[in-house]
Amino acid sequence: MVREDPAVEDMKPSSSDVWDCHVHCYPDFVISNPKAFSEANNEFHWLDLVSNGPQGWANPENLVRAMDREGIEKVVLLGWYWENPQTCRLQNEWYAQSVKQFPDRFMAFAAIHPEEKDPIEELERASDWGAIGLGECLPSVQVAEGWQYPAWERIINWTTNHKWPINVHVTEAVGHKYPGRVDTPLMDMVELFEKYPEQKWICAHWGGGLPFFSLNRRIKNALKNVWFDTAASPLLYAPEIWKIVTQLVGYEKILFGSDFPLILDPRNHKKPNWSKILSEIDNSGLSDKALKAILSGNLNHLVSLRA
Ligand SMILES: [Zn+2]
């Protein structure tokens with residue numbers, strides 16, 4: 001039997017840990033007046049989403065208090081797909097502070113705009129303050145060419161070399177219409193994964209239904225380095241999705257994510273919390289092994305690959 005180094009063992013999540021791979025968080029001046037922030041920075045797509053959906057808010061301190069209350073051990077702060085390079089830089093500065101403030105509770109993925117003058121320099125800077133991935137990305141909000149914009153090639157080569165996962169927002173292929181909805185054709189996603197087969201991808205929001213197509217041989221192959229997060233699940237899908245997607249892609253490919261501070265149960269709660277999404281997973285009928293993997297083990301594995 002191979003014994004693990006106890007120091008290494010300490011770093012691993014304990015069996016009951018919950019790590020949330022999909023969280024957003026803002027400083028107080030944004031929370032107190034999102035409209036003024038969006039006007040000052042020309043971020044109207046973001047304003048559309050946060051003004052018209054079941055949006056809650058959390059600054060770093062409130063986020064940690066909510067995590068303590070509900071037993072969430074660690075979260076990944078995700079950057080936004082801001083329409084302007086300087087807003088991406090600004091958010092990276094907030095997150096650098098947040099990670100410094102709560103190093104045991106927060107991990108962070110950097111925001112990037114493909115029109116950033118030197119995106120590699122910004123990625124290096126983010127790596128220096130401790131970012132460990134890129135995203136949430138939705139390039140068609142940033143540039144008309146979307147993923148075809150030439151700078152992505154340099155950016156993705158850098159993230160692949162540095163073993164940074166990229167979280168991509170994927171909209172459900174069919175579903176509700178809501179303000180700010182942006183289509184993300186699944187075939188574009190597949191071609192992106194095929195173009196960069198060594199890059200590790202996290203498709204947000206259950207990949208917009210992409211797991212179903214893993215039954216197709218070409219798609220199954222394209223999804224080799226693709227994981228799926230569960231962000232906003234209770235707002236989008238019936239709870240059977242947990243078991244069904246596990247059957248389709250395997251529990252090893254699913255990462256627990258909430259989209260906090262989105263309010264996942266707006267009929268019963270005015271403030272964001274994890275109660276509905278955690279009760280769905282508790283009642284999903286998945287094995288203990290699968291639950292542990294989805295709730296922390298898979299994310300731990302993915303972010304440890306950098307070492
Ligand atoms: Zn998203």
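What follows draws every value from the coordinates through simple rules; no lab data is involved. What you see is a predicted model, and the numbers here were worked out from it, not measured in a lab. Every residue, glycine as well, gets a Cβ built from its backbone with ideal geometry; the counts of neighbours run over all protein chains shown.
Numbers for the structure displayed
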| quantity | calculated |
| --- | --- |
| For the chain, size of Cβ-based charge dipole, Lys and Arg +1, Asp and Glu -1, in debye | 700 debye |
| Three-way shape call for region 28-133 based on the alpha-carbon gyration tensor, with the a/c threshold at 1.5 | oblate |
| Cleavage-rule hits, trypsin sites (Lys or Arg not before Pro), region 174-263, DSSP coil, Cβ neighbours within 10 Å at most 15 | K177, R181, K224 |
| Selected from D183, D128, D259 as most flexible by GNM, with the chain as the system and alpha-carbon contacts under 10 Å | D128 |
| Reach of K243 by Cα under 16 Å, taken over aspartates and glutamates that are not fewer than 8 positions away in the same chain | D229, E252, E280, D282, D288 |
| Rel. contact order, % - alpha carbon contacts under 8 angstrom, at least six apart, the chain | 20 percent |
| Tail weight of P(r) past 30 Å, computed on alpha-carbon pairs of region 18-304, percent | 24 percent |
| Share of alpha-carbon pairs per 5 Å distance bin for region 157-204, given as whole % | 5, 19, 25, 21, 13, 9, 6, 1 |
| Distance (nanometres) between label positions extended 7 Å along Cα→Cβ at A40 and D118 | 2.8 nm |
| Of K224/K276; K74/K289; K177/K200; K177/K224, those spanning more than 27 Å from alpha-carbon to alpha-carbon | K224/K276; K177/K200; K177/K224 |
| V76 long-range amide H proximity, modeled H, under 5 Å | D20, C21, H22, V23, M107 |
